[in-house]
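Encoded as structure tokens, the structure appears first; notes follow it.
The values are calculated or read from the model by the stated rules, or taken from the named source; none is laboratory data. If you're wondering where the values come from, they're calculated on a predicted model, not measured in any experiment. No Cβ is skipped: glycine too gets one built from the backbone with ideal geometry, and neighbour counts run over all protein chains shown.
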Amino acid sequence: MDKFEFTEHSHRRYNPLTGDWVLVSPHRTKRPWQGKVEKHSQDERPQHDPKCYLCPGNERAGGINNPDYKDVFVFQNDFSALVPDIPEGKYEKKDLFRAESERGFCKVICFSPRHDLTIPEMEVEDIKKVVDLWCSEYEAIGALDYINHVQIFENKGDIMGCSNPHPHGQIWGQHSVPGEPAKEAKMQKAYFQTNGQTLLGDYVDEELKSQERILVENDHFVALVPFWATWPFETMIVSKRPVQNLLQLTDDERLAMADVYKKLTVLYDNLFEVSFPYSAGIHQAPTDGEEHPEWHLHMHFYPPLLRSATVKKFMVGYEMMGNPQRDITAEQAAQRLKDLPKVHYKTLK
Ligand code: H2U
Ligand code: ZN
């Protein structure tokens, strides 16, 4: 038998943040592709689209008009999945049937008045305004007594089910801590209790030493391909300093987060020279009024594209029944992203 090599041999990798495993099968990158080819929309968009429900001045569902906003804009989601005013209720039968009422709040945030822009094409100073808005919304929504978790996220691209190309994200606040951050909370707490450091603080220190999976770095933040990446080009933005939530960031750190957000998404767009689709979201401490020294602020990016602008990874079959599986290793994905131009492809044309 040959010596075990990450680049040649099937192996499992452990995700210390969730306790999950991913199967890595690097030899499978040689297989032919005869599957579905997705058509990806590559339309040129106007700066203002009279039919867009997010553009300044336009009418939204329900007849409300957006103001003539100049930078960022936030509003209550007209089709909120969670609402504040519902009666409290609980249903339990044996140990088999359990349900409970869930109160919450949903907002939509526009990143820019410009319909044609996306984060990688915006100026860092303007992206900083998005970060500032995340901070003030996390604070205001988190301060509500019935809200214990604030989920900030961005769904980008029609193949991610995003309804509108206008640059925007969402914020959902709710009473309970949902599944993914709850798993991460448990793992981070156990790590902190054993090691006296945050899990991601120690992890980022190791990654900075090796540099192998680091894509972007400034004074306060890094963007990297996690060792346990599941999606083909999955990445994470992590603060270098262990901060529990957005509110603990200094003004310089907010700007640094905006800078890394831009530089990472420029690499993404340059990979296949398309507006790169993903779901991204921020994980941070719950807003339950407790101290959470174990929590380390980070942002996940889960992009579905695999080998071109049209071939997407599906989490089906073994992945639904077993656990996620990937072909190229995290290091190969990191190398491909690192080798790309640092300037957005549209400005190079
Ligand atoms: P997506 O980008 O993930 O499709 O989210 C857009 C959100 O915008 C979606 O949650 C809301 C939808 O409910 N929306 C409004 O609040 N008002 C509208 O007029 C249309 C869409
Ligand atoms: Zn628009």
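Give the residue, chosen from ILE159, ILE152, that is away from ligand 2 (no atom under 16 Å from the Cβ), touching an Asp or Glu at 6+ places or on another chain (Cβ under 7 Å), of a type outside the set (Lys, Arg) and touching a residue at least 40 places away in the same chain (Cβ under 8 Å).
ILE159
Quick check: anything in the stretch 82-105 loosely packed, with under 15 Cβ neighbours inside 10 Å, within 13 Å of ligand 1 (Cβ to nearest atom) and either closer than 19 Å to TRP172 by Cβ or of a type in the set (Phe, Trp, Tyr) (or both)?
The answer is yes, given that some residue of the stretch 82-105 is loosely packed, with under 15 Cβ neighbours inside 10 Å, within 13 Å of ligand 1 (Cβ to nearest atom) and either closer than 19 Å to TRP172 by Cβ or of a type in the set (Phe, Trp, Tyr) (or both).
Quick one: count up the residues across the stretch 277-302 that are out of contact with any Asp or Glu (no Cβ under 8 Å at 6 or more places or on another chain), in a loop (DSSP other than H, G, I, E, B) and on the phi < 0 side of the Ramachandran plot.
13
Scanning the stretch 67-81 for residues that are surrounded by fewer than 19 Cβ atoms within 10 Å (Cβ to Cβ), of a type outside the set (Asp, Glu) and touching a residue at least 40 places away in the same chain (Cβ under 8 Å), which turns out nearest to ligand 2 (Cβ to nearest atom)?
Residue satisfying both the conditions and the ranking: TYR69.
Give the residues of the stretch 322-340 that are without any contact (Cβ under 8 Å) to a residue 24 or more places away in the chain and outside any helix (DSSP H, G or I), sorted by residue number.
Residue satisfying the conditions is ASP339 alone.
List the residue pairs whose Cβ atoms are under 6 Å apart, where the first residue sits in the stretch 107-133 and is away from ligand 2 (no atom under 14 Å from the Cβ) and at pLDDT 95 or above, the second is among the hydrophobic types (A, V, I, L, M, F, W, C) and in a helix (DSSP H, G or I), and the two are 6 or more positions apart or on different chains.
PRO120/VAL266; VAL124/ALA258; ILE127/ALA258; LYS128/LEU255; LYS128/ALA258; VAL131/MET257; VAL131/ALA258
Consider the stretch 62-82. How many of its residues are closer than 23 Å to GLY104 by Cα and not in a loop (DSSP other than H, G, I, E, B)?
Residues meeting the conditions: 4.
Which residue pairs have Cβ atoms closer than 8 Å, lie 6 or more positions apart in sequence or on different chains, and pair a first residue in the stretch 46-58 that is in contact (Cβ under 8 Å) with a residue 40 or more places away in the chain and within 6 Å of ligand 2 (Cβ to nearest atom) with a second residue that is in a loop (DSSP other than H, G, I, E, B) and of a type in the set (Asp, Glu)?
If the second residue must be in a loop (DSSP other than H, G, I, E, B) and of a type in the set (Asp, Glu), the pairs left are CYS55/ASP49.
Name every residue in the stretch 99-126 that is farther than 22 Å from SER163 by Cβ, outside any strand (DSSP E or B) and among the aliphatic types (A, V, I, L, M), in order of residue number.
VAL124
So, of the residues in the stretch 154-199 that are under 26 Å from VAL83 (Cα atoms) and of a type in the set (A, V, I, L, M, F, W, C), which turns out to be farthest from ligand 1 (Cβ to nearest atom)?
Out of the qualifying residues, it is ALA185.
Being near ligand 1 (Cβ under 10 Å from one of its atoms) and either over 20 Å from THR118 (Cα atoms) or of a type in the set (A, V, I, L, M) (or both) is the filter here; which residues of the stretch 51-69 pass it?
LEU54, GLU59, ARG60, ALA61, GLY62, GLY63, ILE64
Search the stretch 290-335 for residues being among the hydroxyl-bearing types (Ser, Thr, Tyr) and over 19 Å from the mean Cα position of the chain (by Cα), and hand back the single one that is surrounded by the most Cβ atoms within 10 Å (Cβ to Cβ).
THR329
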